[in-house]
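Below is one structure; the comments refer to it alone.
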């Protein structure tokens with residue numbers, strides 16, 4: 001008894017000095033992690049996705065359900081392959097706010113969704129402290145939020161059974177539930193639920209773009225920022241199409257031995273999480289795809305009711321203002337470095353155009369491959385990484401050609417199509433192309449996928465990259481707090497012209513006028529020492545072809 005009283009006496013002063021927030025019947029005890037910010041982490045936003053809730057849509061949990069909750073640390077990451085002690089109870093959310101922020105302060109909110117190919121990632125990998133402090137210093141304080149969502153087969157079941165059970169796109173539904181939690185609770189942390197901007201990168205950006213299609217996202221946020229990912233960056237397939245992947249997954253789970261192939265959820269719910277991760281790894285290896293666990297078309301009433309290109313053409317998407325952009329050399333990380341012949345390249349193109357037996361007719365795929373080979377010449381100087389001349393870096397002679405094609409099919413074409421569709425419907429759109437040479441780590445990859453993240457979340461040590469990083473934070477924070485990247489606060493920076501409908505002729509005329517005319521399709525080139533507006537005409541012929549046959553590319 002003495003020990004308990006003594007421990008309590010020691011604990012209470014610590015609690016008094018720690019920041020606290022009341023959610024329902026729970027007192028959350030956070031921590032001051034710098035002299036300027038307060039952190040509350042590991043807060044459950046949904047019921048534990050275990051037992052009967054494994055492979056089921058998330059169930060919102062508005063408070064932890066205990067009198068006192070230790071919110072001083074991040075929660076466990078969601079299970080991914082290779083973890084020694086995977087934790088399935090992982091649907092937690094984290095809040096970072098300026099020191100001393102009171103409930104009801106009404107600060108704008110920025111919610112981050114991490115990437116990782118829908119098979120890796122963790123909110124704790126992204127430190128929002130520098131971002132939050134920048135907001136304080138420039139006079140536009142924000143509340144920063146991030147969260148974990150289910151990954152791999154647990155978050156993105158595939159196949160006929162998952163389709164029939166309504167168990168598709170669970171990871172996307174986790175995101176929506178986290179945003180519902182924000183709407184319900186962020187006032188207590190000093191945030192304004194009517195001023196939520198969601199920003200994301202890679203798979204997170206793909207997911208966020210997917211949520212624009214049929215999720216009533218406009219009830220949960222007012223703006224978005226997409227870094228390197230649009231609706232069809234990964235091929236968008238019907239939910240039943242990867243049934244072979246799912247069957248391979250089930251076959252690798254001993255608890256499902258002898259189970260009816262159309263009734264596997266019960267046995268899968270009895271298996272250990274480690275067993276499921278091992279089975280996921282085995283099925284992934286058999287799939288032949290880099291990203292076999294991903295969002296899918298889930299039909300009428302679903303999050304993604306149809307092929308995104310059809311929905312964009314019909315104007316069926318949320319009308320939230322957004323920033324979207326890509327990095328110069330997006331394709332270099334995702335293509336084989338050993339491609340050395342045209343035949344090898346052709347087969348590679350067939351595989352990524354027509355994954356998982358998509359149903360595209362062979363003639364359409366063959367015609368698309370032939371046209372791509374014509375539009376992207378066998379000339380290393382025109383390949384990616386761009387600006388590297390004839391240097392092939394000792395890699396396969398077709399690597400740079402494949403990287404150029406892949407970068408445009410997966411990233412640049414869908415970014416341009418998304419910006420054109422939304423701006424054509426009157427949505428305020430701002431586009432960028434990140435090209436900073438100081439972001440290059442591996443010269444063979446160039447300004448690669450993900451290389452802008454260090455500029456957004458951290459700060460490069462040398463100029464002019466250091467200034468570019470500060471400017472990018474200013475653009476992001478300005479947009480999140482005012483719906484315009486040009487609020488005039490923080491660092492001096494070029495005016496970011498809105499992306500609006502126009503034809504190529506008007507772009508050419510406006511170029512001579514310094515882009516001051518209305519009706520421009522332009523992007524902000526984010527480059528240290530040369531951040532400036534440029535026309536959105538790079539590789540115009542190539543990208544126009546890709547966007548002319550979106551169904552062939554599963555866009």
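The values are calculated or read from the model by the stated rules, or taken from the named source; none is laboratory data. On a predicted model such as this, the values are computed, not experimentally measured, just so you know. Virtual Cβ from ideal backbone geometry, glycine too; neighbours counted across all protein chains shown.
Points to keep in mind about this one:
- Residue 227 passes every criterion in (1) out of contact with any strand residue (DSSP E or B) (no Cβ under 7 Å at 6 or more places or on another chain); (2) touching a residue at least 24 places away in the same chain (Cβ under 8 Å) apart from (1).
- Out of 274, 309, sole residue that is touching a residue at least 40 places away in the same chain (Cβ under 8 Å), out of contact with any helix residue (DSSP H, G or I) (no Cβ under 9 Å at 6 or more places or on another chain) and in a helix (DSSP H, G or I): 274
- Just one residue in the set 143, 182 is in contact (Cβ under 8 Å) with a residue 40 or more places away in the chain and out of contact with any helix residue (DSSP H, G or I) (no Cβ under 8 Å at 6 or more places or on another chain); that residue is 182.
- Being under 20 Å from the mean Cα position of the chain (by Cα) and surrounded by fewer than 21 Cβ atoms within 10 Å (Cβ to Cβ) holds for only one residue in 269, 244, 222, and it is 222.
- The listed residue being modelled with pLDDT of 95 or more and either outside the structural domain of residue 132 (by TED's automatic domain parsing) or buried (at least 18 other Cβ atoms within 10 Å of the Cβ) (or both), out of 450, 461: 450
- Selection within segment 433-456 - part of a loop (DSSP other than H, G, I, E, B) and closer than 20 Å to residue 496 by Cα: 435, 436, 452
- Residues within segment 54-72 that are out of contact with any helix residue (DSSP H, G or I) (no Cβ under 9 Å at 6 or more places or on another chain) and surrounded by 15 or more Cβ atoms within 10 Å (Cβ to Cβ), tallied: 5
- Among all positions in segment 79-96, there is no residue which is surrounded by 22 or more Cβ atoms within 10 Å (Cβ to Cβ) and farther than 23 Å from residue 150 by Cα.
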